[in-house]
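Worksheet: the structure to be examined is printed underneath.
Throughout, read-outs are computed from the coordinates displayed, never taken from laboratory work. From a predicted model like this one, the values you see are computed outputs, not experimental measurements. Neighbour counts run over all protein chains shown; Cβ positions are idealised from the backbone, glycine included.
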Amino acid sequence: MAEFDVDLFVIGGGSGGVRAARIAAGHGARVMVAEEYRMGGTCVIRGCVPKKLFVLGSHVRNEIADAAGFGWTIPTPSFDWPTLVANKDKEIARLEAAYITNVEKSGARIVKTRAVLEGAHRLRLATGETVAAKYVLIATGGAPNHGAMIPGIEHVISSNEAFNLKKLPKRILIQGGGYIALEFACIFAGYGSDVTVVYRGDNILRGFDGDVRAHLRGELEKEGITILTGCTVTAVDKHGEEFTSHLSNGSSIASDQVMFAIGRHPNVANLGLEQAGVAINPANGGIMVDHFSLTSVPNIYAIGDVTHRINLTPVAIREGHAFADTVFGKRPVQVDHRDIPTAVFSQPEVGTVGLTEEEARARFSHVDIYKATFRPLKATLSGRDTRMLMKLVVDGLTDQVAGCHIVGDGAAEIIQAVAIAMKMKATKADFDATVALHPTAAEELVTMRTPTARHVRQAAE
Ligand SMILES: Cc1cc2nc3c(=O)[nH]c(=O)nc-3n(C[C@H](O)[C@H](O)[C@H](O)COP(=O)(O)OP(=O)(O)OC[C@H]3O[C@@H](n4cnc5c(N)ncnc54)[C@H](O)[C@@H]3O)c2cc1C
């Protein structure tokens, strides 16, 4: 009888777990994947995909408004939230089914149940069965933080519930200043809700380039979103269908929904990590791993959001693939976590890769900044009051482009291609040598010739 029931037991059927299971099965491993909710995980079921579908639909409002300047007369449009939610649900169900088919086709077996560790090689399923596994991969992802237990916290929804609201709120208060909070602010505003964003810091998008933060805030405010910074929600009252949020600055705001998007925590609780000896990273609360995603236990690996490194789907997928190749493909692979492009699907969008100006100035002695803000061509006829931001952060000594930051339509699509150039260590001279594609917004990236700022750090005396 075999010593182990399976070669690999994957806890979590999300982006990372599914990729790891399929690749490991392809390498000949006997694989079992446990998923307690729905296959596909956060990204497919209540993250990137439904979010982007909602974003795409929310843009239609501005498209219709902009059409008049191009000569179109559009009869008064109307929008039906339940239709959007039902169509989104259909697409998510289709994707979930595709995930299940693809995992099963690879030869891995799915068990639709919660699994926890009882030891380094032993898993207990919620069905009562136990499974002996040679290797274990923890890919349990993360979940929304609810923050402090303020009075009325039970009335507050997270992004999970926002995807399935029965009706579009006329007014919504969203607490949070990160990408999820802002994306939902733009989604709801796009469909016609009156949106207030409350954020405790001094400006939205902490950790992003300072110019991006300032520019996006201005654009969101022009879109009619109210942004209150330097305050928090301290209590929420419910009266019938309406809520009153009390803020730390003494004011209160009435709305039909209150949503918090104030961060996410790794799913590490009640997983049996202590029984198995898996250590938590004290710096971020995620599972501690090395460059190969190996935990403190030699046969247990962890990938994706549960490690709280860079919480993005393509990163979880990369880490899952690298794990499977390393352990079952006899090809040790480390994931390079540098220069990962990322977007905020706000309206307008943000696309960014590499260092912010602030990070570059802390790292390099010489930093050149190339920055342009301009009115996009479309806005000239639509009359929309919007401006686009393009910014390059360059290491002044090597001429290498260290960061690129864009706010405006198409920013996410543009930044994906810029990230390739940066991965190839493109210099500003390489950008300059590239002929512009006219008329586009992206041509600005290869036509900014003169630095708008030059920072030179004096050597400490
Ligand atoms: C609203 C929102 C928008 C997002 N937008 C983007 C975006 O635009 N781009 C992007 O790159 N990323 C985005 N993300 C982040 C992205 O969804 C995550 O980084 C990604 O899903 C992480 O994959 P994962 O495999 O680590 O975990 P998940 O996809 O979270 O999968 C973990 C799975 O494990 C299951 N599970 C947990 N515990 C157990 C257990 N004990 N037993 C069995 N199953 C268990 C869970 O049910 C879940 O299905 C978004 C996230 C949110 C919330």
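Quote the charge dipole size of the chain about the Cα centre in Debye, to the nearest 20; the model charges only the Cβ of Lys and Arg (+1) and of Asp and Glu (-1).
Numbers: 48 positive and 50 negative charges, 107 e Å.
So the magnitude is around 520 debye.
In a shell of Cβ-Cβ distance under 13 Å around ASN299, excluding ASN299 itself, what net charge do Lys and Arg (+1) and Asp and Glu (-1) give?
For residues surrounding ASN299, the net value is 0.
Test of understanding: ordering MET424, MET288, MET390 by Cβ neighbours within 10 Å, fewest first, what list do you get?
Details: MET424 8, MET288 17, MET390 23.
Exposure proxy ranking, most exposed first: MET424, MET288, MET390.
Could you tell me how far the Cα centroid of segment 138-199 sits from the Cα centroid of segment 291-356, in Å?
Spelled out, the Cα-based centre of one part sits 26 Å from the other.
Once the piece of chain linking ALA68 and ARG109 is laid out straight, how much longer is it, given 0.36 nm per residue of separation minus the C-alpha distance between them?
Numbers: separation 41, 0.36 × 41 = 14.76 nm, distance 5.45 nm.
Stretched out fully, the ALA68 to ARG109 stretch lengthens by 9.3 nm.
Please report, to two decimal places, log10 I(q)/I(0) for segment 121-243 at q = 0.10, 0.21 Å⁻¹ as given by the Debye formula with identical point scatterers on the Cα atoms and no solvent.
-0.45, -1.28
Over what distance in Å are the Cα centres of segment 2-27 and segment 399-461 separated?
Each part's Cα centre sits 40 Å from the other's.
So what is the diffusion coefficient of the chain in µm² per second by Stokes-Einstein at 10 °C and 1.306 mPa s, using a Kirkwood Rh over Cα pairs? Could the numbers behind the result be given before it?
Working: Rh = 24.1 Å.
Translational D for this selection: 66 µm²/s.
Would you please report the Å³ per residue occupied by the convex hull of the alpha carbon atoms in segment 95-177?
Numbers: hull volume 17.2 nm³, N = 83.
Roughly 207 Å³ of hull volume per residue.
When you take every Cα atom in segment 273-426, what is the radius of gyration, and what is Dmax, the widest Cα pair distance, in Å?
Values for segment 273-426 (Cα only, Rg and Dmax): 19.5, 65 Å.
Let me understand segment 237-306 better: what is its radius of gyration from the alpha carbons, and its Dmax, in angstrom?
Gyration radius and largest Cα-Cα distance of segment 237-306: 19.8, 55 Å.
Which one, LEU228, VAL401, ASN87, projects farthest toward the positive side of the charge dipole computed for the chain from Cβ point charges (K/R +1, D/E -1)?
Towards the positive end, the residue furthest out is ASN87.
So how much slack lies between ASP80 and THR373, counting 0.36 nm per residue of separation and subtracting their Cα-Cα distance, in nm? Could you put the intermediate results ahead of the total?
Numbers: separation 293, 0.36 × 293 = 105.48 nm, distance 3.59 nm.
Using 0.36 nm per residue and subtracting the Cα-Cα distance, I get 101.9 nm.
Suppose we take every Cα in segment 338-461 and form the convex hull; what volume per residue is that in Å³?
Values: hull volume 13.3 nm³, N = 124.
Looking at segment 338-461, the number lands at 107 Å³ per residue.
Quick check on segment 394-461: what does the Kirkwood estimate of hydrodynamic radius come out to from the alpha carbon pairs, in Å?
Numbers: mean 1/r = 0.0752 Å⁻¹.
The answer is 13.3 Å.
How far apart, in nm, are two points set 7 Å out from the Cα along the Cα-to-Cβ line at VAL60 and at ARG338?
Placing both labels 7 Å along Cα→Cβ, they lie 4.5 nm apart.
Are any of the pairs LYS222/LYS423; LYS51/LYS112; LYS378/LYS423; LYS391/LYS425; LYS222/LYS371 more than 27 Å apart by Cα-Cα distance, and if so, which?
On the way: LYS222/LYS423 35 Å; LYS51/LYS112 25 Å; LYS378/LYS423 31 Å; LYS391/LYS425 17 Å; LYS222/LYS371 21 Å.
Where the Cα-Cα span goes over 27 Å, the pairs concerned are LYS222/LYS423; LYS378/LYS423.
Once you place label points 7 Å from the Cα toward the Cβ at LYS423 and ALA235, how far apart are they in nm?
Spacing of the two 7 Å Cα→Cβ label points: 5.3 nm.
To the nearest 20 debye, what is the magnitude of the charge dipole of segment 318-461 about its Cα centre, counting +1 on the Cβ of each Lys and Arg and -1 on the Cβ of each Asp and Glu?
Working: 18 positive and 19 negative charges, 6 e Å.
Charge dipole of segment 318-461: 20 debye, to the nearest 20.
Stretched out fully, how many nm does the piece from SER252 to THR380 gain, at 0.36 nm a residue minus the Cα gap? Working shown, then result.
Details: separation 128, 0.36 × 128 = 46.08 nm, distance 3.88 nm.
My answer for the length gained is 42.2 nm.
With both partners inside the chain, how many of the DSSP beta bridges are antiparallel, as a percent to the nearest 5? Don't jump to the answer; show the numbers that get you there.
Working: 48 of 77 bridges.
In the chain, approximately 60 percent of DSSP beta bridges are antiparallel ones.
Among MET149, THR427, THR130, whose Cα projects farthest towards the positive end of the dipole of the chain, with charges put on the beta-carbon of Lys, Arg (+1) and Asp, Glu (-1)?
Result: THR130, furthest along the dipole toward the positive end.
Please give me the summed charge of the neighbours of ARG454: other residues whose Cβ is under 15 Å from its Cβ, Lys and Arg +1, Asp and Glu -1. List each step's numbers first, then the result.
Values: positive: ARG361, LYS371, LYS391, LYS428, ARG449, ARG457; negative: GLU357, ASP368, ASP395, ASP399.
After counting each charged neighbour, the total is +2.
Go through VAL116, PRO169, TYR191 and say which Cα lies farthest out towards the positive end of the charge dipole of segment 96-192; charges sit on Cβ, +1 for Lys and Arg, -1 for Asp and Glu.
After comparing all options, I get VAL116.
Given +1 on the Cβ of Lys and Arg, -1 on the Cβ of Asp and Glu, and no further charges, what dipole in debye does segment 1-108 carry about its Cα centre, rounded to the nearest 20? Could you put the intermediate results ahead of the total?
Values: 12 positive and 12 negative charges, 46 e Å.
Here segment 1-108 has a charge dipole of around 220 debye.
Using the alpha carbons of segment 176-285, what is the convex hull volume per residue in cubic angstrom, as a whole number?
Cα-based convex hull of segment 176-285, divided per residue, equals 148 Å³.
Cut-off is 10 Å between beta-carbons; in what order do SER106, SER15, SER245 appear when sorted fewest neighbours first? Write down the numbers at each step before the final one.
Values: SER106 16, SER15 30, SER245 24.
With the fewest neighbours first, SER106, SER15, SER245 line up as SER106, SER245, SER15.
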